[in-house]
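**Q** Starting off with a structure, shown below.
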Amino acid sequence: MIVIGGTARVKPDRRAEAEAAAVAAGTATRREPGNLAYRFAWDLEDPDVVHIFEEWETPGSLDAHFATPHLAEFVTALGEVVEDSPSSTATRSVNERPCSAE
């Protein structure tokens, strides 16, 4: 499994556009083969920061995602509404297991 976490700082006056682009991208992406999760969440302490969380079954499914038209549209839309370049980190899980607070 590939897990991706990212953040982007959205221009305060462009939040509605960012939300619309994220909903469109998320709806299309969650239909892709190999996608396990694709979610956005606004930061509770900084209302201009959005967090992006993705899970993919395989590197191939993520590669296929990068080639989709809806991702290209999302990247273009994001470029118009963010203040800085978004940041992200991808991690490949080798031994998947539930986490426990114990």
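**Q** For the stretch 21-38, how many residues meet the condition of being surrounded by fewer than 14 Cβ atoms within 10 Å (Cβ to Cβ) and in a loop (DSSP other than H, G, I, E, B)?
**A** 3
**Q** Any residue in the stretch 73-84 that is touching a residue at least 24 places away in the same chain (Cβ under 8 Å) sitting within a Cβ distance under 6 Å of a residue that is part of a helix (DSSP H, G or I)? List the pairs, counting only those 6 or more apart or interchain.
**A** Partner pairs satisfying both residue conditions: Phe74/Ala21; Phe74/Ala25; Ala77/Ala21; Val81/Arg14; Val81/Glu17; Val81/Ala18.
**Q** Against the condition part of a helix (DSSP H, G or I) and either surrounded by 13 or more Cβ atoms within 10 Å (Cβ to Cβ) or in contact with a strand residue (DSSP E or B) (Cβ under 7 Å, 6 or more places away or on another chain) (or both), how does Ala18 come out, does it pass?
**A** Spelling it out, Ala18 is indeed part of a helix (DSSP H, G or I) and either surrounded by 13 or more Cβ atoms within 10 Å (Cβ to Cβ) or in contact with a strand residue (DSSP E or B) (Cβ under 7 Å, 6 or more places away or on another chain) (or both).
**Q** Oh, and also: Does the stretch 39-48 include one or more residues that are among the aliphatic types (A, V, I, L, M) and surrounded by 13 or more Cβ atoms within 10 Å (Cβ to Cβ)?
**A** No.
**Q** Would you confirm, using the coordinates I've provided, whether Glu54 is acidic (Asp, Glu), at pLDDT 95 or above and part of a loop (DSSP other than H, G, I, E, B)?
**A** Answer is no for this residue.
The values are calculated or read from the model by the stated rules, or taken from the named source; none is laboratory data. If you're wondering where the values come from, they're calculated on a predicted model, not measured in any experiment. Note that we place each Cβ from the backbone using ideal geometry, even for glycine, and neighbour counts take in every protein chain shown.
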